[in-house]
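Read through the structure below, which is laid out as structure tokens, and then see the notes.
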Amino acid sequence: MSDSILPGSNSRQPALLSSSVRTWTLLLLVFLAVHFAALFSPSLLDDADATHANAAQHMARSGDWVTLYVNGIRYLEKPPLPYWMAAADYRIFGYNVFATHLPMALGVLACAALAWFWGRRAYGERAAFYAALGILTSFGIFIWTRFFIPESILTFFIALALYCFLTGLEDRKSARIYAMYTALAIAVLAKGLIAPVFFLAAVIPYLLITGEWRKWRQLRLFTGLLLFLMIAAPWHILAGLRNPDHGNPAGNVPTPGHVHGFFYFYFINEHVLRFLGKRYPHDYNKQPFLVFWLGQLVWLFPWSLYFPVAILRAWRNRRLAWADVRYDASNTLHFLDARSSAYEAASMAARMRFRARTGLLLMFYGAFILLFFGISTNQEYYTWPAYFPLLLLTAGALGSIEEAPEAGRWINARSKWLFGAHVAFAVVGVAIAIALGSGLWASRNLPYVSDIGTLLAHRGVGNYSLASSHFFDLTGPSFAALRLPAALAAVALLVGPLVALYLRKRGHSFESTVSVAFTGAVFLIAAHIAFVRFGPMLSSRAMADTVNRLASSGDQLIIYGDQADGSSVIFYTHRQALLVHGSSSYFTPNPGSHGEFGSSMIWGSCYPDAPHIFLSDNDLLPMWGSGPRKFLFVSGDYHDHVETLLTGHLYKLQELSDKTLYTDRPM
């Protein structure tokens, strides 16, 4: 049973929440300031960001909407929806970072809207506002939409399927059940079979515990599954037909001319073997146990500060919540105020039940995702879909606590647990502000350097196979390039938490929580400015511009190593690059280099019709300096090796962070 709908609650509704127009005006302003403004810079990043953009670019230019290609090589490991969306954007907005990242940003906005609709029905206006605000101002959600990955799109469609499932059964509306199958099919096209796995992991235990499995006829299993297959199956079938087996290699390792086709690679290699840690090539990592779990608190900062009080409230209310889950509206009327009319009593009971069942469904959903990736191989952003249920449940608890009666056993806005969360936020904020201030002071006499890559250590934490590896390359001198964002973040984290603590102590609950959200928003704006400063290190757009300015149509682009090392050069030059050791997972000229993790090109390079773009050192030597002019992109891992290999025949055009652009003859 929820605190906030108890008769006798003396909480006043904030004026902002009295109108949906007012509420969404503020939410849209936050979205525009934090997420939309970040769509225009920096340029596409090397590695996954520009690699995926290259696949969408080929789709837009070739008109082949079935098979993905990167640099002319089949790229079969990803489902098509994000690439369809980006390719459509390219047709409208051109080939740029805005068009590439727009689908991810719209996915975040869609998640916020769904959280608001779901939260308003389950918990009320205040919690709905907090849920949407949490989606828009959480650190992890912002950071993991700075590059081209489909997690925000996947999260929205799975959450939409769950919402349609729950409301379809509650309201007995077949249209929502069919919408559930549609949303789930689209989620499969966004990320693969992981979508129905996550969905069923929440729905099956929910049906068993609530007894709703007796309503199985309402789920329209036959026609619903038919609709699901009509949407999800055609692309998979076409991709299988267009990318068949060529020979039958022993095991899962392809060899030139002999490679398993799409069905094996996509379903077995990319789903089953990835989960088991046996996927080929082994170009991924797994976070340590403690880092993985503590990371969830970081990615959901600052809203993770409310996790303890939300968990405590759920524990204290567990028996009443269980009653709301198990019984129908007529059996919960004895909890209600006798002064209520029969209609009001029934409506309130239905809302109580929906709230309790929302909590149960989302609890299963979020917990399974965290446990799944706690066991499987993972990247930091893999748990993105769990952010939605965690934030919605936290917002629901927080809204209910703030609207609870002042007296009684309920956890209310004056609870020491809630006040303690703000004290912790203030302590963390002051500590981070002091650390940032110390870095700024230490770098006060250092000149500003536009290329921050020259100021960073290259510690190779996780061998750069984790998405956050470059965070550990920061050094004291790098603050000379980060003065503005560091100062902005320091002020936000020094002032915001203290203001929120003061407002909480004075009894202004709503204003206090909104202050936390605005602190998070300003911090994210500072984070984006810092991210832009990292642009020269993470993107090779400037080198692509150099090639575009100097090269003629017949000149050749060469990347030494994996195409991911210079994928932004390929995207912005619109050229197919020759790759030296670009399909080998074993060439490692420097210990600890990226090469030991393999290449995204290995599988596609084994198809008989793959273009001859893969070279060895012996292939490069005779062609260097002869024929069309060559532009050679070299990352830092291979710099010394290339200098030795081509001694006396290298003409340096540009150096950026740890990357160098050469040509084979004087300009």
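Residue-by-condition table, conditions (1) farther than 19 Å from ALA122 by Cα; (2) buried (at least 22 other Cβ atoms within 10 Å of the Cβ):
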{"position": "ILE158", "(1), (2)": "no, yes"}
{"position": "MET180", "(1), (2)": "no, yes"}
{"position": "ILE186", "(1), (2)": "yes, no"}
{"position": "ALA190", "(1), (2)": "yes, yes"}
{"position": "LEU193", "(1), (2)": "yes, no"}
{"position": "ALA201", "(1), (2)": "yes, no"}
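Conditions (1) more than 17 Å from the chain's Cα centre (by Cα); (2) surrounded by 18 or more Cβ atoms within 10 Å (Cβ to Cβ), marked per residue:
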{"site": "ALA37", "(1), (2)": "yes, no"}
{"site": "ASP47", "(1), (2)": "no, yes"}
{"site": "ALA56", "(1), (2)": "yes, yes"}
{"site": "ARG74", "(1), (2)": "yes, yes"}
{"site": "MET85", "(1), (2)": "no, yes"}
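Give the residues of region 392-408 that are touching a Leu at 6+ places or on another chain (Cβ under 7 Å) and crowded, with 24+ Cβ neighbours inside 10 Å, sorted by residue number. Show your work before the answer.
First pass over region 392-408, keeping only residues touching a Leu at 6+ places or on another chain (Cβ under 7 Å): 392-393, 401, 405.
Within region 392-408, LEU392, LEU393, ILE401 meet the criteria.
Please go through region 640-665 and pick out each residue that is in a loop (DSSP other than H, G, I, E, B) and of a type in the set (A, V, I, L, M, F, W, C).
LEU646, LEU650
Assigned to a loop (DSSP other than H, G, I, E, B) and modelled with pLDDT of 80 or more, is that true of PHE301?
Considered against the rule, which asks whether it is assigned to a loop (DSSP other than H, G, I, E, B) and modelled with pLDDT of 80 or more, PHE301 comes out as yes.
If you check every pair at least six apart or on different chains, which have Cβ atoms under 6 Å apart with a residue in region 252-265 that is in contact (Cβ under 8 Å) with a residue 60 or more places away in the chain first and a residue that is polar (S, T, N, Q) second?
Between residues of region 252-265 that are in contact (Cβ under 8 Å) with a residue 60 or more places away in the chain and residues that are polar (S, T, N, Q), the close pairs are PHE262/ASN243.
Can you name every residue in region 626-654 that is over 17 Å from GLN556 (Cα atoms), surrounded by fewer than 17 Cβ atoms within 10 Å (Cβ to Cβ) and among the aromatic types (Phe, Trp, Tyr)?
Within region 626-654, none qualify.
For ALA37, only one of the following conditions fails: (1) small (Gly, Ala, Ser); (2) without any contact (Cβ under 8 Å) to a residue 12 or more places away in the chain; (3) under 23 Å from ALA132 (Cα atoms). What is its number?
(2)
Would you mind stating whether ILE209 is more than 23 Å from ARG274 (Cβ to Cβ) and surrounded by fewer than 22 Cβ atoms within 10 Å (Cβ to Cβ)? Before you say what the answer is, go through the steps one by one.
Numbers: more than 23 Å from ARG274 (Cβ to Cβ): yes; surrounded by fewer than 22 Cβ atoms within 10 Å (Cβ to Cβ): yes.
Against the criterion (more than 23 Å from ARG274 (Cβ to Cβ) and surrounded by fewer than 22 Cβ atoms within 10 Å (Cβ to Cβ)), ILE209 qualifies.
Filter region 544-578 for residues that are surrounded by fewer than 24 Cβ atoms within 10 Å (Cβ to Cβ), free of Cβ contacts under 8 Å to residues at least 40 places away in the same chain and in a helix (DSSP H, G or I) and give the result.
ASP545, ASN548, ARG549, THR573
Just to be sure, is THR23 of a type in the set (Val, Ile, Thr), farther than 21 Å from TYR130 by Cβ and crowded, with 20+ Cβ neighbours inside 10 Å?
No: the conditions fail for THR23.
Considering only residues that are touching a residue at least 60 places away in the same chain (Cβ under 8 Å) and either outside any helix (DSSP H, G or I) or in contact with a helix residue (DSSP H, G or I) (Cβ under 7 Å, 6 or more places away or on another chain) (or both), which ones fall in region 168-198?
Matches in region 168-198: GLU170, ILE186, VAL188, LEU189, ALA190, LYS191, GLY192, LEU193, PHE198.
Where the second residue is surrounded by 17 or more Cβ atoms within 10 Å (Cβ to Cβ) and of a type in the set (Phe, Trp, Tyr) and the first is in the same structural domain as PHE372 (by TED's automatic domain parsing) and within 28 Å of PHE139 (Cβ to Cβ) and lies in region 276-298, which pairs have Cβ atoms under 7 Å and are six or more apart or on separate chains?
VAL298/PHE139
Out of all the residues in region 250-272, is one or more assigned to a helix (DSSP H, G or I) and exposed (fewer than 14 other Cβ atoms within 10 Å of the Cβ)?
Yes, region 250-272 has at least one match.
Within region 355-380, can you find the residues that are surrounded by fewer than 20 Cβ atoms within 10 Å (Cβ to Cβ), part of a helix (DSSP H, G or I) and at pLDDT below 90?
Hits for region 355-380 are GLY374, ILE375.
The values are calculated or read from the model by the stated rules, or taken from the named source; none is laboratory data. Just so it is clear, the model here is predicted, and its values are computed rather than measured. Don't worry about glycine lacking a Cβ; one is built from the backbone with ideal geometry, like all the others, and counts go over all protein chains shown.
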